[in-house]
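Asks: Sharing a structure below in structure tokens format, with a few things to ask.
The values are calculated or read from the model by the stated rules, or taken from the named source; none is laboratory data. Here the structure is a predicted model, which means the values were calculated and not measured. Reconstructed Cβ throughout: ideal geometry from the backbone, glycine too, with neighbour counts over all protein chains shown.
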Amino acid sequence: MEKGVVFDIKRFAVNDGPGIRTAVFLKGCPLRCQWCHNPEGLCKEIEQSTKSVKVDGVAYSMPYSIGYEISADDLVAEILKDRIFMEESGGGVTFSGGEPMLQHQFLQKVLKKLHRNGIHTAVDTSGLTAWENLESIIPFTSLFLYDLKCIDEEKHRRFTGVSNGIILDNLRKLSERRIPVQIRIPVIPTFNYNDEEMNSILSFIGSLKNVERVDLLPYHTIAQSKYERLGISNSLFEEKSLKNEDLQSYFTQIQERGVKVSIGG
């Protein structure tokens, strides 16, 4: 029986799609975004690490695993424990990561089972996957939360380690098929937090036919402790977190285009 690798399940999530949601984080990602807030989800394999704990005032180093294997049936059973909260709030389940499409075969099995149970499903994706993989989950996916970081290919490659050609092509194909999409824009200092980059992103969004909402996600340093615990250095943490009011002008521009928009998801 094929199993997936999960590194976290977050219950009562309210920023990952409509209503109260259960967010499932699948391990592995082909991107290396400099601002990634889930570095523990980058490697697809289960990893071993240590964390410091105190017992009676004495610090000890405790080993722990990052990620665990789980079958599709067991994951669905775990998700359905929250069914009442999903139904009462108009919520559902959101698959994130990492990049959930890196485990697309396992993801499809889980989505299909949830679809049969009438659960609203969302997939939070970078879009970096073969179109055939995305196409295979469309019948069982209620909503795509699609990350759109920048339009310039060279800059995208420099800050994420990959080209955005496939990402933009897949987003266009979803648009052509009128598949519901919620665009998520991480707004990052030194990367796309400037009028030129944001205007190019907004122009691209204007060419799409399937955007239900745009979420502006201000850069923050909340993940710094994760990097320190994993022994990973990241110079981007020298930049200050952005506040909601820093994105107000972009919020207004999107709103004026007649598109629903939020700051912070």
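Asks: Checking F237 against (1) touching a residue at least 60 places away in the same chain (Cβ under 8 Å); (2) closer than 30 Å to S52 by Cα; (3) in a helix (DSSP H, G or I), only one condition comes out false. Which one?
Replies: It is condition (1) that F237 fails.
Asks: Condition check: within 21 Å of V93 (Cα to Cα) and not in a strand (DSSP E or B). Does D8 satisfy that?
Replies: no
Asks: Moving to a separate point now. Would you be able to tell me the number of residues in segment 204-218 that are free of Cβ contacts under 8 Å to residues at least 40 places away in the same chain and more than 21 Å from P18 (Cβ to Cβ)?
Replies: Going through segment 204-218 one residue at a time, the tally reaches 1.
Asks: Are there any pairs with C-beta distances below 6 angstrom linking a residue in segment 8-24 that is over 15 Å from E78 (Cα atoms) to a residue that is part of a loop (DSSP other than H, G, I, E, B) and at pLDDT 95 or above, with the two at least 6 apart or on different chains, and if so which?
Replies: Cβ pairs passing all conditions: P18/G90; G19/G90; G19/G91; I20/G91.
Asks: Please specify each residue of segment 9-57 satisfying the condition of being acidic (D, E) and either surrounded by fewer than 16 Cβ atoms within 10 Å (Cβ to Cβ) or out of contact with any helix residue (DSSP H, G or I) (no Cβ under 8 Å at 6 or more places or on another chain) (or both).
Replies: D16, E45, E47, D56
Asks: OK, next. Check L145, L134, L102 and return the single one that is in contact with a Cys (Cβ under 8 Å, 6 or more places away or on another chain) and not basic (K, R).
Replies: Answer to the check: L102.
Asks: Say whether the condition of being in a strand (DSSP E or B), under 23 Å from D124 (Cβ atoms) and more than 19 Å from the chain's Cα centre (by Cα) is met by at least one residue in segment 76-88.
Replies: no
Asks: Only one of these conditions is not met by G17: (1) closer than 16 Å to E99 by Cβ; (2) assigned to a loop (DSSP other than H, G, I, E, B). Which number is it?
Replies: With (1) closer than 16 Å to E99 by Cβ; (2) assigned to a loop (DSSP other than H, G, I, E, B) applied to G17, the lone miss is (1).
Asks: For segment 188-202, check the following and say yes or no: at least one residue is touching a residue at least 24 places away in the same chain (Cβ under 8 Å), touching a helix residue (DSSP H, G or I) at 6+ places or on another chain (Cβ under 7 Å), surrounded by 15 or more Cβ atoms within 10 Å (Cβ to Cβ) and not in a loop (DSSP other than H, G, I, E, B).
Replies: yes
Asks: With the structure loaded, tell me whether K149 is in a loop (DSSP other than H, G, I, E, B), under 30 Å from F191 (Cα atoms) and touching a Lys or Arg at 6+ places or on another chain (Cβ under 7 Å) or whether it fails that test.
Replies: Against the criterion (in a loop (DSSP other than H, G, I, E, B), under 30 Å from F191 (Cα atoms) and touching a Lys or Arg at 6+ places or on another chain (Cβ under 7 Å)), K149 does not qualify.
Asks: Report the residue count in segment 58-88 for those that are β-branched (V, I, T) and crowded, with 16+ Cβ neighbours inside 10 Å.
Replies: So the answer is 4.
Asks: List, please: which pairs have Cβ atoms under 8 Å, are six or more places apart or on different chains, and start with a residue in segment 43-54 that is farther than 19 Å from V6 by Cβ and end with one that is of a type in the set (D, E)?
Replies: Listed by first residue and then by second, the contacts come to nothing, as the list is empty.
Asks: Could you tell me how many of the residues in segment 107-138 are outside any loop (DSSP other than H, G, I, E, B) and free of Cβ contacts under 8 Å to residues at least 60 places away in the same chain?
Replies: Adding up the residues that qualify gives 18.
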